[in-house]
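In what follows, a single structure is set out as structure tokens and then discussed.
The values are calculated or read from the model by the stated rules, or taken from the named source; none is laboratory data. This is a predicted model, so every value here is computed, not measured. Glycine also receives a Cβ, built like all others from the backbone with ideal geometry; neighbour counts cover every protein chain displayed. The accessibility values were calculated without ligands, DNA or RNA, using every heavy atom of the protein model including side chains. Shrake-Rupley method; radii C 1.70, N 1.55, O 1.52, S 1.80 Å.
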Amino acid sequence: MHHERPAARPRRAAALALWAAAAAAAPLAAQTVPAPVGTAAVRALPAVGSAADDSVRLAQLLSGAPAAGYLLRSPSGALAGGAGSAAPGWELLAPELATVWNSALPFSLNDGSLWAGRGLSTRLTAGAVLRWGPVTAVAAPEVVYQQNREFDTWEGEVPPTGPYVLPWYAQAPSADLPLRPGDEASTRVRPGQSSLTVAAGPVAFGAATENQWWGPGIRNAIVLSNNAPGFPHAFLRTGAPVRTRAGSFEAKWILGRLSESAQFDTAGWNDRRAVSALVATYSPALDPNLTLGAARSVYSLVPEGSSTLGRFADVLARWTRRDDPEADEDGRYNQVLSLFGRWVLPEDGLEVYGEWSRQDLPSTFGEASDHLGYSQGFTLGVQYAREMRSGALRLQGEATTLQQSPSTLGTAKSYYTSLSVPQGYTHEGQVLGAAIGPGANSQWLAADYLAGRWSLGLFGGRIRWDDDAFLNSFRAQYVGWPFLAHDVSVFGGLRGGYALPWLRLDAELTSGVRYNFLFQNRGQSWETSDDATDVRNHTLRVVLTPGRPALPQRVGAVPPPPAADSTAAPLVRDPSTRPVPPAARPDPAARTPAPATRTPAPARTHTVRAGETLFAIARRYGVSVDALRAANPAVQGDRIQAGQTLRIPPVR
């Protein structure tokens, strides 16, 4: 192993100081949640993959919350107001701190701008939301620190592009996927999850730099995920799922600009890239818990003298099967297409989902029928939740395959790589789609116990990295014993969360081994198979979120609990908020002013809806099931009925 540079120590001290300051400030910021000022409040950012995001999905299984509109998610979609939002107001976004530590190797999946290399990586997010009529502006910048410590990499010949670019990505078909973003620590300020949205009747338009997630996957989304930093883009979307007699529809169309990493080539002619993407979902009226969708993304080079705006219609106009490195600059493009679906069965606490994708489109129907598996990828998943006496048990399983069939190797390109667009389907050196990356496949299993204020779970997984590159290598095709040298990570760990009235803590500890790192196994038989580079790695992830994350407010999400006081600020949406009614004003006609009296806040109540369970209601308000039973003596066991009014005890 390489030794850490002395110059990195001051940066580490600065990062630890930043971490400590943010952690100390978080409780102070969170304590302002119950005390709105005017029309302002403090809330957590409903980011993709956050605790709020997970709560919405779980509520669809346990309490029958609407499933329509969930497969197309972004912070702006959760925060934007409707066309009728005339009252101006603003909210502060409480600072959220995310930290990842890796002991030996980078391990970073769906971390957005937080690329988690070896050592400590930290992201601090804060900001504000401003609403004025149909306009919603979200300013959510991020400060990102990456210690980026050294680790042993490729022992073979170093490609001309540098020591951190793998040789199988440095030649066509290529991709901008460096192992490491340089050799120094860094601190950057990014626009993060910022956006500007204008609602215009049933549609909304605007611009953003936020992450988004298209599709049903929990671990992998093939077309767009939060694996890479958010890229600047303009968008046009439905303001909420459009409901008709046939069912509900939702769609989004984006045009964005992609950037390459500093480790990619220095050629100026290929620096400008555009991405034009469209997604649409449909939930039939006969079964609103079934959602079907399609997504397509076309990425292309933008030659000098051309405008990125001219690529807006590429997703609809460019269907010719062409990824030709000899094409002129205007004809260099590639695409990713996916079809997906999700079916929620709330009566059984079950959901099943899948996504099928194809990178190269067939030119004829005969070609499509002869090569059904050509350039395809897919995800299959299931999630099950069952309510128990004082909590719920949740099971998750997901498998994703982007590896190409051995019969098509040499003709089918590895996913997210391209012959005509040198950087491939990437932004700032990270894949825009599934976090496992080109030519990989993965399996994931998890089990969690979820109580009202805490959760604890086990998980395990396996990822086989870059297998297309390996099976195309000289070693695999001519030397033999290829099954002894696949690059495979096997890992497992613990995860959990705990919610206080003013702070939520989520943590995940992973331990695993990456076998044959970068295919560095020189063994030729079982007797010499130990001559490999196997690396044990430990990963600790910690997320501190002030207050309980408010659930997204868009149509199709679980609505917030009713406000305790009709005089509360209209923008207060955090379920843990308990507004204090205004003090009684003295009677001006009275000779002696009466002393001010403090009126106690009225107790919160909840009217049970059809399909709701006691556990789901308790989790929604952040109280335990036992406390909910104690506050409602009429409740026997877990029996509740639609229309029944329950008293919600205070959070302690």
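This table checks each residue for (1) among the hydroxyl-bearing types (Ser, Thr, Tyr); (2) modelled with pLDDT of 60 or more.
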{"residue": "461", "(1), (2)": "no, yes"}
{"residue": "500", "(1), (2)": "no, yes"}
{"residue": "533", "(1), (2)": "yes, yes"}
{"residue": "544", "(1), (2)": "no, yes"}
{"residue": "559", "(1), (2)": "no, no"}
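Looking at segment 392-401, can you tell me whether even one residue there is outside any strand (DSSP E or B) and touching a residue at least 12 places away in the same chain (Cβ under 8 Å)? Checked segment 392-401: no residue is outside any strand (DSSP E or B) and touching a residue at least 12 places away in the same chain (Cβ under 8 Å). Take the conditions in contact (Cβ under 8 Å) with a residue 40 or more places away in the chain and under 30 Å from residue 350 (Cα atoms) and apply them to residue 246. Does it pass? Against the criterion (in contact (Cβ under 8 Å) with a residue 40 or more places away in the chain and under 30 Å from residue 350 (Cα atoms)), residue 246 does not qualify. Taking the listed residues 245, 257, the one that is closer than 23 Å to residue 431 by Cβ and open to solvent by 40 Å² or more (accessible area, probe 1.4 Å) is 257, with no other qualifying. Checking each residue in segment 444-464 for being open to solvent by 30 Å² or more (accessible area, probe 1.4 Å) and either without any contact (Cβ under 8 Å) to a residue 40 or more places away in the chain or within 14 Å of residue 399 (Cα to Cα) (or both) picks out 445, 458, 462, 464. Among what's in segment 600-615 and is open to solvent by 20 Å² or more (accessible area, probe 1.4 Å) and aliphatic (A, V, I, L, M), pick the residue that is modelled with the lowest pLDDT. Only one residue fits best here, namely 601. Exactly one residue among 583, 589 is in a loop (DSSP other than H, G, I, E, B), touching a Lys or Arg at 6+ places or on another chain (Cβ under 8 Å), at pLDDT below 75 and open to solvent by 60 Å² or more (accessible area, probe 1.4 Å), and that residue is 583. Restricted to segment 626-652, and to residues that are part of a loop (DSSP other than H, G, I, E, B) and among the polar types (S, T, N, Q), which residue is nearest to residue 501 (Cα to Cα)? Taking the candidates together, the pick is 632. Which members of segment 623-641 meet the condition of being open to solvent by 30 Å² or more (accessible area, probe 1.4 Å) and either modelled with pLDDT under 80 or of a type in the set (S, T, N, Q) (or both)? Of everything in segment 623-641, those that are open to solvent by 30 Å² or more (accessible area, probe 1.4 Å) and either modelled with pLDDT under 80 or of a type in the set (S, T, N, Q) (or both) turn out to be 624, 626, 636, 637, 638, 639, 641.
Whether a residue is among the β-branched types (Val, Ile, Thr) and closer than 19 Å to residue 335 by Cα was assessed, and residue 222 passes this test. Quick check: is even one residue across segment 246-265 within 22 Å of residue 46 (Cα to Cα), β-branched (Val, Ile, Thr) and either over 18 Å from the mean Cα position of the chain (by Cα) or part of a loop (DSSP other than H, G, I, E, B) (or both)? No, the conditions are met nowhere in segment 246-265. Across segment 502-531, the number of residues qualifying as surrounded by fewer than 17 Cβ atoms within 10 Å (Cβ to Cβ) and modelled with pLDDT of 90 or more comes to 5. Report yes if residue 455 is polar (S, T, N, Q) and either in contact with a Leu (Cβ under 8 Å, 6 or more places away or on another chain) or closer than 19 Å to residue 375 by Cβ (or both), otherwise no. For residue 455, the condition - polar (S, T, N, Q) and either in contact with a Leu (Cβ under 8 Å, 6 or more places away or on another chain) or closer than 19 Å to residue 375 by Cβ (or both) - is not met.
Say whether the condition of being outside any strand (DSSP E or B), open to solvent by 10 Å² or more (accessible area, probe 1.4 Å), within 30 Å of residue 55 (Cα to Cα) and without any contact (Cβ under 8 Å) to a residue 60 or more places away in the chain is met by at least one residue in segment 182-205. Yes - at least one qualifying residue is present in segment 182-205. Filter segment 315-340 down to the residues that are within 30 Å of the chain's Cα centre (by Cα), charged (D, E, K, R) and within 18 Å of residue 270 (Cα to Cα), then identify the one that is modelled with the highest pLDDT. Among them, the one singled out is 332. Just one of (1) at pLDDT 95 or above; (2) on the phi > 0 side of the Ramachandran plot fails for residue 305. It is (1).
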